[in-house]
Each structure stands twice: as structure tokens, then as C-alpha cells.
Amino acid sequence: MERLPLTGVRVISLTEVWAGPFATTLLGDMGAEVLHVEAIQRVAQTRGTLRPTPGTVGYPDGDPGERPWERIAGFNGVNRNKMGITIDLTRAAGTDYFLKLVQLSDIVIDNYAAGTVERMGLGYDVLSRANPQIIQLSTPGWGVDGPYRGYISFGSHVDAMVGHTYLRGYPDADPSLTSSIVHSDAVISSMAVFAVTTALNYRLRTGKGQYIDMSQAEGLMTQLGEYVLEYTMNGRVPQPLGNHHPHMAPHGVFPCRGNDRWITIAVEGDQQFARLCGVMGRPDLAEDERFATALARYQRQDEMETIIAAWTREQENATLLAQLQAAGIASGAVHNDEDLYRDPHLQARGLFQEVVHRQAGTHLYPGPYWRIDGEIPGFRLPAPCLGEHNVAVYQGLLGLDDAQYQGLLDDRLIGDTYLEGAELAGRDAANP
Amino acid sequence: MADQALADVVVLDLTQQVSGPYCTKLLADYGAEVIKVEPPGSGDPSRRLGPFYHDTPHPEGGAVFLHYNTGKKSLTLDITTDTGRSLLRKLAQQADILVENSPPGALERLGLGQGELRASNPRLVYTSISPYGQTGPYRDYAATDMTVFAMGGIMYRHGEPDRDPLRYPGHIIQCLAGVNAAAATMCALLSSRLTGQGAHIDISTMECLAGAVDRQLLRYAYGHESAVREGHRREGWFPNGIYPCADGFVHIGTLLSARGWVRVARMLDMPDLLTDPQFATPAARREHHGEFDAIFYPWLVEHTREEIFRLGQAQRVMVGMVYTMDEVLRDPQYRHRNYFTALDHPVVGQQTYPGAPFRMSETPGRLRPAPLLSEHTEQVLCERLSCSREDLARLRAAGVV
């Protein structure tokens, strides 16, 4: 790749936690210059607590070190390929510098609660006066207006209110026994990239910027359309199926040798079923009238699953995977973190890249994964330390001389270490 | 009507099922002209996926096809024939973007690979979506939504620790690949607009899962221990998870900090909690979570879901209501924003669909119904390739269209 696709595009990332920061990371992967804005007056949520107990999970070898906020996986794993700057946006001088950056930028992204950037004096009316070509995207949980304006959420609360949480539960248990896992951030981070690049295409044609209001709930709902239509067309309320499928059977997860090891198997049609029976060494089952037709298999899937589980239980999931795939049967091992890091396919494709982080040391990081002309875009920058790129941005980009820069430091408008009280202040404004 | 952001973009859509169609739906909903190429006769196999309108199987009545193909044109073309391939190459010369989700290598074997098509149209962005990508040992692995979800590492985390891992519903994993593809494709299109050089984009669903923000894989590299299925409530982050209440279930999230705890006490209207030494620190709250539950559960069952949602949000406690689909459709927020969109379709009539996924102030998204099979064959061939009526008749007779 001679030139990354978004070379020359500058993005201001006024984001916290997952959906917003990862959107700007993906833009950085594609070559945009991303300025991630933080403040020394306020600890961002994923920077963690300032004095964690040694041994706390999430730090390299459990060691939080002197500057734990720069050694925490929850931040460092989400914020590659961006520069880190600090500004105190509660003061007019800070807002002024922010607007100077807006004049030199193409895109501003925030994922705070609706109304937050306006209260900071950074609403679209202000930004577009500073730069009529600016594209601003806000992505609160439920959008910027309406009765839930200002409400806060993590992705899991968004998942709940679009029906995803209900549908992903165990069919035999009530929703309180569904895990607190989060899906919407993975979706919204990519969708935000799609939205701003769509706006850039329009700007290329017309010279006009615009404002994008992305409700995380509304974005995610477009991936549940068949469920919406099942209700609106047929008046039926969709129910969770667990690992079963509306028409494929067997379709489920089966235990394998070892602790908490599993394989998924999905079979469609008589031929695939016969092949599965062959791999199992049970060709008789394909002839057995209990399972001879798709309908029979569907109706007796619990019985059939018991037979399959008795077979899988004795074997390694990796062995089963190779056998099933050799027979052309859709199947997948249930991978945990260690499996992923050791996975020969991900290694061959280069998902992991060795990266040196100034504070955290050298580790294998999951990196960019949109391949362009057969190549992975580089992991150009590890997650920034607090204010790491202040000099590059304030002096290099905005042209401040040494004395002016020192003035910003003296005023504590910028800096690279949190001030007293930053931790308590840090928990208030976010809508991750 | 307002201009649309992608009104100047032509997309040749060779995708089927959901991953590719969701990608091109996003492009179509924001104004791109998407020409969906379907095999003559049967069309996209997702036309045969239910649920169906009035539960009657019909190639124009399946919810999956109707939703994931809004705003596209349907062209039937048999690309296994020489004539079909030649027409497709001509269309590719006029396109800005081509999206495909065939098994890796399949289009190349038909002479429609990215190398050939880009040779005759260097500015083309050619996007390939597949479960495992265009290279690597798993390239040709058979997959469904569930099996690739498992391989991508999220399934292991979803469910109760002492039960089976659980998949996500429907086709949402294919959608995750689709939205990644749409975003990457647009980045490449912008570059193509500026440089005249297109690109081949290779999106692997497994990597969209393993590399995604919710996977948090770096914790393993730092800590050397695989994350486990946390189940319905997380240890030490509390109260957090899905709780029963008077009329359903709520998902409540609190922050670990002192401020988070103050907000919970305010939501419960129990200021005494703040002076109770049992709950004085995060560690103490963890230790005494049983004591807290003994207070919290009775409070929950005395309040409705909506009351807890309002009380929690008023104190900046993150709360979401666990909705079923009928409740989603009744929710006042989506209604206030006119999110759901009614579309008229010749076979299923007027139905309500999820609307455009985000709002653009200058160039709003706009949904148009999914096409009938072959609805635009004549229009596309005549307008784009200047086919005459006689040409069309000949192609029809030969079964090419």
C-alpha cells in the first residue's frame, strides 16, 4: 500500500470508553490523523483508577506501575493509531484552542450523552462557524433529541432496548440469567466510520459539511430487521432460540474434551447430515427413520444432540474442527483468548502485531483488520500516553512558540499528568 | 427532495444472504445506485429465508430479503455463461464499487476476480466479504453465523459460566461484517476519488469479531489469562447486570467509583446506604453484595421497569429496559424520532421497517422497498449497456437474464 485511504484527513476524537474511541481508531487505521482529546482535570473512564492495587487484572503482569493510566489494557487495546492531546474544555481558552483545531480538521466525533458537547460550547452551530466544511458526528445511546435526550448508557443498555438482549438469552431461562455482554459498540464504531466517510463523499462533491446524529439504538436495530418485520408483518413476538436455528438441525454447541471446551456444528439438508454421520462413524444414523428428514431432525433435535455430544465429548475441539471441515460441514471451535492468540489462521493473516508502548512495554496487539490489496495497514502508533502529542499538535500544527507553549502548561490548560481531584471529576460526563 | 450523500456512486452488488446485502443496503439507503445481480429463476437464496409474510413462503415475501435489500435494483444475470460474464464486465467498467461475498476464489475462477475487473476499471473499489478472509488456512472453511461467531471468540464470553456458550440471534454476525465492509469500502472510495486508484478490500468476519472493541483481547497479552463467561452479573462491578422488577427486567450499570455509588443510593432514595460501613468502599460493597441484594431486590419488585429507567437516568445511573420486539415498536423515543419507516411493497403491502441507521443533516438516509426479482433487468441493460429490445429478447431466450 503506497498510500493509506484516508491520508490527509484529520479527525478530532472527543470520545470515551468503546464505541467512540474505536471509531476513531478505525479511521486512524485507514490513515486519518486522529487527535484524541483528553484533560488533565478529568480521568477518562477506561484510563482506570489512579492508584490501583498491584495484581489488578488489566495491567502488564498485574503491575500498574507509576503511571497506571498509561498501562491499562482497557485503554491501550482500543486507542491505536491516534495522537493524544490534552485541553481543559471547561475554560474558554481551552475551547478556543479546540476551535483552532476544528479549523484545521475534517471530522469531529463524540459519544457523550446528548447535549454534552453543546454545554461545552462545541455544538454544531459553533463548530460550523469555525469551519463550514466540518463534519460532526455525535453518537449518544438514543440519539440527540426526544424523551431520552441526555440519558446515559453503555452498549449493554442499548442492546436491551432494541430487543437484542432478550433474543440472545437462554430459551429456558428468564432474561435476568442472560450475560451482561455488550454488542452495540462493535457495530457503532464501524457504522460511525461509514457515516463520516459518506459525509466526506458528499463534501467532496459539494464542499458542504454536515451534522450526523447517530442513535446507537437505531443503528443497531438495522441489524435486527427480520425480527422487526416478524412482528410488524405477522404480529408475532420473536422469542430466543438459544443455539438452535429456525430451520437447520442439528445446530448447536457441543462439549469437547477438556475444561470448558466446545464446538459448534450447523447442518443443513440430508447430504450434510449424512456426511456428519460419516465423520461420527455412525452411518446408521443417516438411515435411522428418527432422523431421516429435515423435519424429523428438527423435531427430535434434543435427542440427536445427546448422541452428537456423546461423540464430541471424547475429542479435542481442534481435531473435530479439522474432520468436520474436511467433510464440508459448517463448524467452529469456541475460541477463548488463548486460542485466538495461538490461532494459525489469525497468525497467518497477521492480526497480531508486536508493538512497543512507552509505558506498557512490548506486547502482541490485535491490530488493524481491514485488508487493502492484500496488506494490513500498519500499527503506526500505540495508544497515546496522556498528552503525549501536545508538542506535535500545539507547536507543530498550531505553530505556538516555546514561550506560548510553556504558558499553556503553566495555566494547566494542557499537561501530561492528572491534577488533584481529576479522578473524582472523571466520572461525570461520559456516555460511552 | 434533499440530495443524498452517495447519489454519485454506482455499486455492482454480487452478494447473497446477509453480510454483503447489509453492506450494500447501507450504501443504497444513503443514495447509491445499487445494482443487485441475482441468478435467473431463483434469485438470492435469502429470498427463501423466513419469516414470511403471513407465514406463506414466497420469494418476494421473506423478511430477511425485504429488510436487507431496501433501495436496490434487481438484475438477473447468469454469470456462469460467457454472455452473462461479458455483460457483467461491462457493468463493472461503469461501477465505482463492486461488493461480493462468494466463497473466496469463486469469482476469480469465473474470470471476474478483482485483478481482472480492476485492470479494465482501475478506479474500481472491489470489496470481498467472507467468513475467514481471502487468504489463510481457514479460507475455505464452511461457516454459518454461529460457527464464525464461535471462532471469533465472542461466543465463549456469552452465557452463564456453568452452561453452554450462547450465540447471538439471527444474522447479526453477518451484519457486523457488512458494516465493517461498508466503512472500509467508503474509505477506499474516497481515496479512489482523489487518486483514480481503486483497491481490493478483504473483510474477514472472524477478524471483525476477534479484532472488535468488545473482544478486549489485549487483556490476555497483558495478563496471560483468558477471560471467562461472566454470566449475568459481573463480580466487583456492582450493581450491574439484568435484574427482575415489577413488570419485567432492567439492565442496570453502575460505575465502580464513589460517585457511582452515590447515584445508586439516590436512585433508591436510601441516603442511609452512604453512611453504612458495609458499603463504604468498592471492596466492602463487593464483600457485602448479599446484604445489598437483600435491600435491592425488594425495591426492584416494587417498581416498574419504566419507573426504574426514569429514576436511574434522573440520577445518571445507566439503565436500559429489556424489551421484546413489540415493546421496541411502542417505545416513545423511537416514535418521537419517527425512526420506524413504512414502505409499500407490491407483494407484502405497507409494512414497518427499521429506518435509516443515522441522521445526516444535509443528506438524509431514505429507504425504498426491496426489488422484485428481475424488476430492473430491462432498465439496467437498456440504460447502462444500451441493449435493444431485440438484444433483451435474445438474452431472455438464452436464459442469460
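Highlighted here are the strands (runs of 3 or more DSSP E) found entirely within region B:247-359 that include at least 1 residues which are within 10 Å of another protein chain (Cβ to nearest Cβ) and more than 17 Å from A:Tyr148 (Cα to Cα): B:248-253, B:341-345, B:349-353.
Among the residues in region B:196-218, are any assigned by TED's automatic domain parsing to the domain that holds B:Tyr156, charged (D, E, K, R) and at pLDDT 95 or above? There is at least one residue in region B:196-218 that is assigned by TED's automatic domain parsing to the domain that holds B:Tyr156, charged (D, E, K, R) and at pLDDT 95 or above.
The sole residue among B:Leu98, B:Leu26 that is in a helix (DSSP H, G or I), hydrophobic (A, V, I, L, M, F, W, C) and crowded, with 21+ Cβ neighbours inside 10 Å is B:Leu26.
Evaluation of B:Leu381 against the conditions (1) over 26 Å from the mean Cα position of the chain (by Cα); (2) within 14 Å of chain A (Cβ to nearest Cβ) shows that the sole unmet condition is (2).
Each row is one residue, and each column tells you yes or no for (1) out of contact with any Gly (no Cβ under 9 Å at 6 or more places or on another chain); (2) within 27 Å of A:Arg71 (Cα to Cα); (3) small (Gly, Ala, Ser).
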{"site": "B:Cys208", "(1), (2), (3)": "no, yes, no"}
{"site": "B:Gly211", "(1), (2), (3)": "no, yes, yes"}
{"site": "B:His224", "(1), (2), (3)": "yes, yes, no"}
{"site": "B:His232", "(1), (2), (3)": "no, no, no"}
{"site": "B:Cys245", "(1), (2), (3)": "yes, no, no"}
{"site": "B:Trp261", "(1), (2), (3)": "yes, yes, no"}
{"site": "B:Met267", "(1), (2), (3)": "no, no, no"}
{"site": "B:Thr275", "(1), (2), (3)": "yes, no, no"}
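Against the test of being touching a Phe, Trp or Tyr at 6+ places or on another chain (Cβ under 8 Å), within 22 Å of B:Gly211 (Cα to Cα) and more than 7 Å from chain B (Cβ to nearest Cβ), the options A:Gln216, A:Gln223 yield a single qualifying residue, A:Gln216.
Please tell me if A:Arg261 is of a type in the set (Lys, Arg), within 21 Å of B:Gly159 (Cα to Cα) and surrounded by fewer than 19 Cβ atoms within 10 Å (Cβ to Cβ). Taking the combined requirement at face value, the residue does not satisfy it.
Taking the stated definitions as given, is B:Gly231 surrounded by fewer than 24 Cβ atoms within 10 Å (Cβ to Cβ), at positive phi and outside the structural domain of B:Ile154 (by TED's automatic domain parsing)? Answer is yes for this residue. Where helices (runs of 4 or more DSSP H) sit wholly within region B:111-226, those with at least 1 residues that are surrounded by fewer than 24 Cβ atoms within 10 Å (Cβ to Cβ) occupy B:114-120, B:172-195, B:218-223.
Within region A:208-238, if we keep just the residues that are β-branched (Val, Ile, Thr) and in contact with a strand residue (DSSP E or B) (Cβ under 8 Å, 6 or more places away or on another chain), the residue that is farthest from A:Ser105 (Cα to Cα) turns out to be A:Thr232. Within region A:28-48, is there a residue that is in a loop (DSSP other than H, G, I, E, B), closer than 27 Å to A:Arg371 by Cβ, within 12 Å of chain B (Cβ to nearest Cβ) and touching an Asp or Glu at 6+ places or on another chain (Cβ under 9 Å)? Yes - at least one qualifying residue is present in region A:28-48.
Scanning region A:383-395 turns up at least one residue that is touching a helix residue (DSSP H, G or I) at 6+ places or on another chain (Cβ under 8 Å), of a type in the set (Val, Ile, Thr) and either farther than 22 Å from B:Gly223 by Cα or assigned to a loop (DSSP other than H, G, I, E, B) (or both).
Conditions tested, residue by residue: (1) within 26 Å of A:Val158 (Cα to Cα); (2) touching a Pro at 6+ places or on another chain (Cβ under 8 Å); (3) without any contact (Cβ under 8 Å) to a residue 24 or more places away in the chain.
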{"residue": "B:Gly198", "(1), (2), (3)": "no, yes, no"}
{"residue": "B:Asp202", "(1), (2), (3)": "no, no, no"}
{"residue": "B:Tyr222", "(1), (2), (3)": "no, yes, yes"}
{"residue": "B:Pro239", "(1), (2), (3)": "yes, no, no"}
{"residue": "B:Gly253", "(1), (2), (3)": "yes, no, no"}
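From the set of residues in region A:95-139 that are under 16 Å from B:Ser361 (Cα atoms) and assigned to a helix (DSSP H, G or I), which is farthest from the chain's Cα centre (by Cα)? By that ranking, first place goes to A:Arg129.
Considering B:Gly248, B:Gly312, the condition of being surrounded by 23 or more Cβ atoms within 10 Å (Cβ to Cβ) and at pLDDT 95 or above is satisfied by B:Gly312 alone. Do you know which residues across region A:319-368 are among the polar types (S, T, N, Q), closer than 24 Å to A:Asn79 by Cα and within 7 Å of another protein chain (Cβ to nearest Cβ)? Answer for region A:319-368, where residues must be among the polar types (S, T, N, Q), closer than 24 Å to A:Asn79 by Cα and within 7 Å of another protein chain (Cβ to nearest Cβ): just A:Asn336. Just to be sure before I move on: is A:His389 in contact (Cβ under 8 Å) with a residue 60 or more places away in the chain and more than 14 Å from chain B (Cβ to nearest Cβ) in the structure I sent? When the stated conditions are applied, A:His389 passes them. Any residue at all in region A:231-254 that is surrounded by fewer than 22 Cβ atoms within 10 Å (Cβ to Cβ), within 12 Å of chain B (Cβ to nearest Cβ), free of Cβ contacts under 8 Å to residues at least 60 places away in the same chain and farther than 25 Å from B:Pro45 by Cβ? Checked against the condition, which is being surrounded by fewer than 22 Cβ atoms within 10 Å (Cβ to Cβ), within 12 Å of chain B (Cβ to nearest Cβ), free of Cβ contacts under 8 Å to residues at least 60 places away in the same chain and farther than 25 Å from B:Pro45 by Cβ, region A:231-254 yields at least one hit.
The values are calculated or read from the model by the stated rules, or taken from the named source; none is laboratory data. Note that the structure is a prediction, hence the values are computed from the model and not measured. Note: ideal-geometry Cβ built from the backbone for every residue, glycine included; neighbour counts use all protein chains shown.
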